[in-house]
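A.B. asks: Take this structure, written in structure tokens, and hold onto it; I'll ask about it next.
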Amino acid sequence: MLAVKRSDFLIRPFLKRNNFRALYQIISTIIPIISIWLIVYQIVNHSFSILIKGFLLIPIICLLTLFSSRTFSLMHDCGHNSLFTKRKLNRFFGFLLGLVNGIPQKSWSIDHAFHHRNNGNWEVYKGPIDVLSLEDYNSLSKREQIFYKVTRNWIMLFPGGFYYLVLKPRLGLIIIIFNFTKDIFKETFIKIKNREFSGFLAINSRVKPPFSDYGDNFSELFELIINNLVVIIGWIFMCKWFGLVFFLSFYSLVSTLSAAILICVFFVQHNYKNAYAKDTKNWNIVDGAILGSSNLNIPDWLNWFLADISFHSIHHLCESIPNYNLKACHKANIHLLHQSKFLKLSDFPNCFKYIIWDNKNEELIRIS
């Protein structure tokens with residue numbers, strides 16, 4: 001348990017949001033992305049050899065990946081209503097930023113809010129990779145244990161990233177439509193069979209979301225549909241502009257790398273040695289924020305692309321702090337964060353070994 005309380009932290013001065021600063025952050029992210037795509041078009045349509053084109057595109061892929069990561073990070077702030085002063089502005093720009101990465105912002109934000117409400121309570125929230133308790137892991141067969149270890153290896157960041165940004169929102173909509181259509185036909189058939197013609201139009205089918213964070217209500221479903229329509233229309237336009245094979249390959253690679261970075265950062269900020277890992281009975285939300293969220297000692301330029309999410313303990317202590325105030329708030333309260341975890345880039349690989357929750361000793365452990 002921590003000796004400090006939430007009231008000990010200096011938070012209020014850093015809660016102030018600035019619409020002009022927020023808009024500048026978005027413009028300074030979106031304009032470079034558009035410019036990079038225009039440069040890619042020039043390279044692809046120039047009479048360079050394939051070798052030279054490939055050589056020129058490598059740094060562009062890296063740069064576009066980083067800007068895509070920043071777009072996601074700003075969308076994340078909009079989800080917390082911390083980027084702009086008004087909720088409507090956060091919703092509007094959050095939706096637009098979600099289109100860039102092809103992900104419905106509202107559904108994602110609701111699911112992410114659940115993580116914030118339960119961070120450090122591993123009985124309720126299992127992290128981004130659904131960490132098993134030691135008891136549940138030991139109950140698996142040898143084959144299932146091997147599968148568990150393989151699917152939680154760091155190398156799975158890449159197929160996982162592709163699935164997370166490219167496939168999941170599209171697959172989610174397809175399955176929702178399938179389930180909805182199936183329910184309509186099923187209930188219609190039952191009503192006709194039982195001669196219940198009076199209730200023929202009163203079909204009680206409901207949307208059954210295939211994932212916890214998509215389609216839980218009509219509002220989320222509506223955004224999921226609009227997001228998919230706009231994104232797929234955008235893909236079609238880009239395919240006509242760049243060519244089908246090149247665009248899908250290039251876009252998939254950038255999305256995969258961007259999502260891999262984001263999933264990796266999210267993972268290491270909660271899965272590490274001596275991370276706070278209590279059950280519901282012993283859990284405390286302030287301890288979960290300070291002891292259950294690592295802070296990253298990474299270069300300033302990388303922090304910029306992640307919108308300062310590296311200062312994660314403060315972010316979890318108060319998600320209402322806009323990203324452009326996080327660093328200052330972190331520095332103002334650094335004397336209270338001596339028990340927090342601080343990670344360097346070289347520490348990241350070791351974090352991926354902590355994929356079991358020892359529920360009896362309340363700690364994350366490695367698989368022996």
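The values are calculated or read from the model by the stated rules, or taken from the named source; none is laboratory data. Being a predicted model, the structure only gives us computed values, none of them experimental. Here the Cβ is made from the backbone with ideal geometry for all residues, glycine too, and neighbour counts use every protein chain on show. The area values use the complete protein model at the heavy-atom level, side chains included, leaving out ligands, DNA and RNA. Shrake-Rupley method; radii C 1.70, N 1.55, O 1.52, S 1.80 Å.
A.B. asks: What number goes with the only condition from (1) at pLDDT below 95; (2) in contact with a strand residue (DSSP E or B) (Cβ under 9 Å, 6 or more places away or on another chain) that Pro210 does not pass?
C.D. replies: Looking at each condition in turn, Pro210 falls short on (2).
A.B. asks: Another question about this same structure. Only one of these is under 22 Å from Val4 (Cβ atoms), without any contact (Cβ under 8 Å) to a residue 40 or more places away in the chain and not small (Gly, Ala, Ser): Lys341, Lys331, Lys353. Name it. I'd like the intermediate steps shown before the answer.
C.D. replies: On the way: Lys341 fails: without any contact (Cβ under 8 Å) to a residue 40 or more places away in the chain; Lys353 fails: under 22 Å from Val4 (Cβ atoms).
Residue meeting the stated conditions: Lys331.
A.B. asks: Output the residues belonging to region 303-313 that are assigned to a helix (DSSP H, G or I) and in contact (Cβ under 8 Å) with a residue 60 or more places away in the chain.
C.D. replies: Start the filter on region 303-313 by keeping residues that are assigned to a helix (DSSP H, G or I), which leaves 303-305, 312-313.
Answer for region 303-313, where residues must be assigned to a helix (DSSP H, G or I) and in contact (Cβ under 8 Å) with a residue 60 or more places away in the chain: Trp304, Phe305.
A.B. asks: Given the structure, is Ile60 closer than 21 Å to Leu248 by Cα, part of a loop (DSSP other than H, G, I, E, B) and touching a residue at least 24 places away in the same chain (Cβ under 8 Å)? Walk me through it before giving the result.
C.D. replies: Details: closer than 21 Å to Leu248 by Cα: yes; part of a loop (DSSP other than H, G, I, E, B): no; touching a residue at least 24 places away in the same chain (Cβ under 8 Å): yes.
Judged against the criteria, Ile60 is not a match.
A.B. asks: Please go through region 280-303 and pick out each residue that is surrounded by fewer than 16 Cβ atoms within 10 Å (Cβ to Cβ) and either within 19 Å of Gly79 (Cβ to Cβ) or not β-branched (Val, Ile, Thr) (or both).
C.D. replies: Lys281, Asn282, Asn297, Pro299, Asp300, Trp301, Leu302
A.B. asks: So how many residues does region 315-345 have that are open to solvent by 10 Å² or more (accessible area, probe 1.4 Å), assigned to a helix (DSSP H, G or I) and touching a helix residue (DSSP H, G or I) at 6+ places or on another chain (Cβ under 7 Å)?
C.D. replies: 7
A.B. asks: Next question, about the same structure. Would you pick out the residues in region 321-345 that are within 22 Å of the chain's Cα centre (by Cα) and over 19 Å from Ile129 (Cβ atoms)?
C.D. replies: Correct list: Ile321, Pro322, Asn323, Tyr324, Asn325, Leu326, Lys327, Phe342, Lys344, Leu345.
A.B. asks: Has region 79-91 got any residue that is assigned to a helix (DSSP H, G or I), more than 11 Å from the chain's Cα centre (by Cα), under 22 Å from Trp235 (Cα atoms) and of a type in the set (A, V, I, L, M)?
C.D. replies: No: zero hits.
A.B. asks: Which residue is surrounded by the fewest Cβ atoms within 10 Å (Cβ to Cβ), if the candidates are limited to region 113-147 and must be hydroxyl-bearing (Ser, Thr, Tyr) and in contact (Cβ under 8 Å) with a residue 60 or more places away in the chain?
C.D. replies: Ser133
A.B. asks: Spot the failing condition for Phe348; the list is (1) within 17 Å of the chain's Cα centre (by Cα); (2) in a helix (DSSP H, G or I); (3) within 26 Å of Leu63 (Cβ to Cβ), and only one is missed.
C.D. replies: All conditions pass for Phe348, except number (1).
A.B. asks: Here is a follow-up. Testing Met75 on (1) open to solvent by 40 Å² or more (accessible area, probe 1.4 Å); (2) at pLDDT 95 or above, one condition comes back false. Which one is that?
C.D. replies: (1)
A.B. asks: While we're here: Could we say that Phe267 is aromatic (Phe, Trp, Tyr), assigned to a helix (DSSP H, G or I), under 28 Å from Thr65 (Cβ atoms) and open to solvent by 10 Å² or more (accessible area, probe 1.4 Å) here?
C.D. replies: Working: aromatic (Phe, Trp, Tyr): yes; assigned to a helix (DSSP H, G or I): yes; under 28 Å from Thr65 (Cβ atoms): yes; open to solvent by 10 Å² or more (accessible area, probe 1.4 Å): no.
Judged against the criteria, Phe267 is not a match.
A.B. asks: Another question, then. Within the bounds of region 6-13, is there any residue that is hydrophobic (A, V, I, L, M, F, W, C) and open to solvent by 70 Å² or more (accessible area, probe 1.4 Å)?
C.D. replies: Yes, region 6-13 contains at least one residue that is hydrophobic (A, V, I, L, M, F, W, C) and open to solvent by 70 Å² or more (accessible area, probe 1.4 Å).
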